[in-house]
Amino acid sequence: MTGSVGYHAGRVAEDMVALDYQRRNCVVIAHRWRGESGEIDLVLRDSDGAGVIFVEVKKSKSFARATTRLARRQMDRICGAASEFLAGEPKGQLTDVRFDLALVDGAGQVRVIENAFTEV
């Protein structure tokens, strides 16, 4: 998808993922947070309020296809942006963090891979 259609499909997928996390008692801190290093689709506070979850959302016809859309270079940019974000947190770089990959398939189903950057 490109252009306006891709943009809106991405926003809808991000909203679906945000709702999924909210059902698990996480709080959305930011949508499409941008730092000098890059953009993070969703930033959430975990259910106990102490940690931060950085989420990359990928939408495709299938979950398998969506997983192939996250490359090492993009993960590096997200990690750089996350470091910038953490500068504003009370514990700074000592904040408990997790990097998740949230997949949305063509049927609108959501699947979250927690700690995905260690698995991809």
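The values are calculated or read from the model by the stated rules, or taken from the named source; none is laboratory data. Quantities reported herein were computed from a predicted structural model and do not represent experimental measurements. Cβ placement follows ideal geometry from the backbone for every residue including glycine, while neighbour counts extend to all protein chains displayed. Remember, those area values only see protein heavy atoms, side chains included, never the ligands or the DNA or RNA. Shrake-Rupley method; radii C 1.70, N 1.55, O 1.52, S 1.80 Å.
Can you tell me which residues in the stretch 69-82 are open to solvent by less than 50 Å² (accessible area, probe 1.4 Å) and more than 15 Å from Thr118 (Cα to Cα)? Working first, answer last.
Filtering the stretch 69-82 down to residues open to solvent by less than 50 Å² (accessible area, probe 1.4 Å) leaves 70, 74-75, 78, 80-82.
Residues satisfying the conditions are Gly80, Ala81, Ala82.
Out of the stretch 50-68, which residues are basic (Lys, Arg) and either over 14 Å from the mean Cα position of the chain (by Cα) or open to solvent by less than 50 Å² (accessible area, probe 1.4 Å) (or both)? Outline the logic, then answer.
Quick first cut of the stretch 50-68, residues basic (Lys, Arg) only: 58-59, 61, 65.
Of everything in the stretch 50-68, those that are basic (Lys, Arg) and either over 14 Å from the mean Cα position of the chain (by Cα) or open to solvent by less than 50 Å² (accessible area, probe 1.4 Å) (or both) turn out to be Lys58, Lys61, Arg65.
The residue that is least open to solvent (accessible area, probe 1.4 Å), among those in the stretch 22-40 that are free of Cβ contacts under 8 Å to residues at least 40 places away in the same chain and farther than 19 Å from Thr95 by Cα, is Arg32. Evaluation of Ala50 against the conditions (1) assigned to a loop (DSSP other than H, G, I, E, B); (2) of a type outside the set (S, T, N, Q); (3) within 15 Å of Glu14 (Cα to Cα); (4) in contact with an Asp or Glu (Cβ under 8 Å, 6 or more places away or on another chain) shows that the sole unmet condition is (3).
If only residues of the stretch 88-106 that are in contact with a Phe, Trp or Tyr (Cβ under 7 Å, 6 or more places away or on another chain) and farther than 17 Å from Trp33 by Cα are counted, the one that is surrounded by the fewest Cβ atoms within 10 Å (Cβ to Cβ) is Asp105.
Here Met16 passes the criteria (1) in a helix (DSSP H, G or I); (2) open to solvent by 40 Å² or more (accessible area, probe 1.4 Å); (3) at pLDDT below 95 except the one numbered (3).
Looking across the stretch 107-120 at every residue that is open to solvent by less than 60 Å² (accessible area, probe 1.4 Å) and either part of a helix (DSSP H, G or I) or in contact with a His (Cβ under 9 Å, 6 or more places away or on another chain) (or both), the one that is farthest from Ser47 (Cα to Cα) is identified as Phe117.
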